[in-house]
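Asks: Below you will find the structure I want to go over with you.
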Amino acid sequence: MCSHYEAPSPAALAEAFGVEPYEQLKLNLWPGYFGPFLRMPHDSEELEGSTAGFEVESGSFGLIPGWSKDDKIARRTYNARSETVASKPSFRNAWRHGQHCIIPAAAIYEPDWRSGKAVPTRIERADGEIMGIACLWERWKNADGEIVLSYTMLTINADDHTFMRDYHQVDHEKRMVVILPKGAYRDWLKAAPGESMEFMRQYPADCLSVSNHNDH
């Protein structure tokens, strides 16, 4: 499960996804922090065959369901298991309505337990490009009546993944976030709710690598 990741710089994200530059104060993100996520523009849904670009929004890392009394729940809802997301109260509304989004990440961090101790390890795409992680987004109204957006990373089992099985404790299930191939970005964002599970696939092990710098 991923509770720590690094967002790309606003300039890098704008270049990679063709979105307008935005303000992002922190790139090193934990549950409850605000970061960028990508989705299809609302008006593009009305245009059949639309080639409209992505839109970037800012939201809480950790999904806040509409029924939540406060935003503290984000500390527990930053990951959603694909096997149970359809039935969990926190996530089922977003899943049922196909509220798909993509979290852009320069890298994710996972604990390497092979030494017997948790060693935070920076993991990135082997080609150095931005990761596009499959996520769900939600809207929530706070006590002041303001609309707050939020998101959660979707995860799958990785017990047999030759790269990700080295992470997390030995006696624990191995998990990994759903990293989308670039060619699937638009398909994921436009997919109907009934098609969501088709995207829950492992990212190839040889397309991931441990960064040679770990300074966060």
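The values are calculated or read from the model by the stated rules, or taken from the named source; none is laboratory data. If you're wondering where the values come from, they're calculated on a predicted model, not measured in any experiment. As a convention, Cβ positions derive from the backbone with ideal geometry for all residues, glycine included, and neighbour counts pool all protein chains shown.
Asks: Quick check: anything in segment 72-92 among the small types (G, A, S), part of a helix (DSSP H, G or I) and buried (at least 16 other Cβ atoms within 10 Å of the Cβ)?
Replies: yes
Asks: Testing L149 on (1) part of a strand (DSSP E or B); (2) without any contact (Cβ under 8 Å) to a residue 40 or more places away in the chain, one condition comes back false. Which one is that?
Replies: (2)
Asks: Would you point out which residue out of G132, G116 is loosely packed, with under 14 Cβ neighbours inside 10 Å and either outside any helix (DSSP H, G or I) or touching a strand residue (DSSP E or B) at 6+ places or on another chain (Cβ under 9 Å) (or both)?
Replies: On inspection, the qualifying residue turns out to be G116.
Asks: Which residues, taken from segment 119-129, are surrounded by fewer than 15 Cβ atoms within 10 Å (Cβ to Cβ) and touching a strand residue (DSSP E or B) at 6+ places or on another chain (Cβ under 8 Å)?
Replies: V119, P120, A126
Asks: Turning to a different aspect of this structure: Could you identify the single residue in L180, L189, L154, L208 that is within 14 Å of M1 (Cα to Cα) and either loosely packed, with under 13 Cβ neighbours inside 10 Å or not basic (K, R) (or both)?
Replies: L154
Asks: Also: Pick out the one residue from A191, A205, A184 that is over 25 Å from P41 (Cα atoms), touching a helix residue (DSSP H, G or I) at 6+ places or on another chain (Cβ under 8 Å) and modelled with pLDDT of 95 or more.
Replies: Exactly one of A191, A205, A184 is over 25 Å from P41 (Cα atoms), touching a helix residue (DSSP H, G or I) at 6+ places or on another chain (Cβ under 8 Å) and modelled with pLDDT of 95 or more, namely A205.
Asks: Okay, next question. Evaluate segment 161-171: report whether one residue or more is buried (at least 23 other Cβ atoms within 10 Å of the Cβ) and modelled with pLDDT of 95 or more.
Replies: Within segment 161-171, not a single residue is buried (at least 23 other Cβ atoms within 10 Å of the Cβ) and modelled with pLDDT of 95 or more.
Asks: Further question: For the list (1) hydroxyl-bearing (S, T, Y); (2) closer than 26 Å to P89 by Cβ; (3) in contact with a strand residue (DSSP E or B) (Cβ under 6 Å, 6 or more places away or on another chain), I need the number of the one condition that S196 fails.
Replies: Only one criterion is unmet by S196, namely (3).
Asks: Let me ask something else. Among H97, H4, which is the only one that is surrounded by fewer than 13 Cβ atoms within 10 Å (Cβ to Cβ), at pLDDT 95 or above and out of contact with any Lys or Arg (no Cβ under 9 Å at 6 or more places or on another chain)?
Replies: H97
Asks: Cβ-Cβ under 7 Å, sequence separation 6+ or interchain: first residue in segment 85-109 and free of Cβ contacts under 8 Å to residues at least 12 places away in the same chain, partner aromatic (F, W, Y). Which pairs?
Replies: These pairs meet every condition: A86/W95.
Asks: May I ask you to list the residues in segment 158-202 that are under 30 Å from V119 (Cβ atoms), assigned to a helix (DSSP H, G or I) and without any contact (Cβ under 8 Å) to a residue 12 or more places away in the chain?
Replies: Residue satisfying the conditions is R165 alone.
Asks: Return the pair list, or none, for Cβ contacts closer than 7 Å from residues in segment 9-21 that are more than 16 Å from A107 (Cβ to Cβ) to residues that are assigned to a helix (DSSP H, G or I), at least 6 apart or on different chains.
Replies: V19/L13; E20/A14; P21/P10; P21/A11; P21/A14
Asks: Still on this model: So P36 passes all but one of these: (1) at pLDDT 95 or above; (2) at positive phi. Which condition number does it fail?
Replies: (2)
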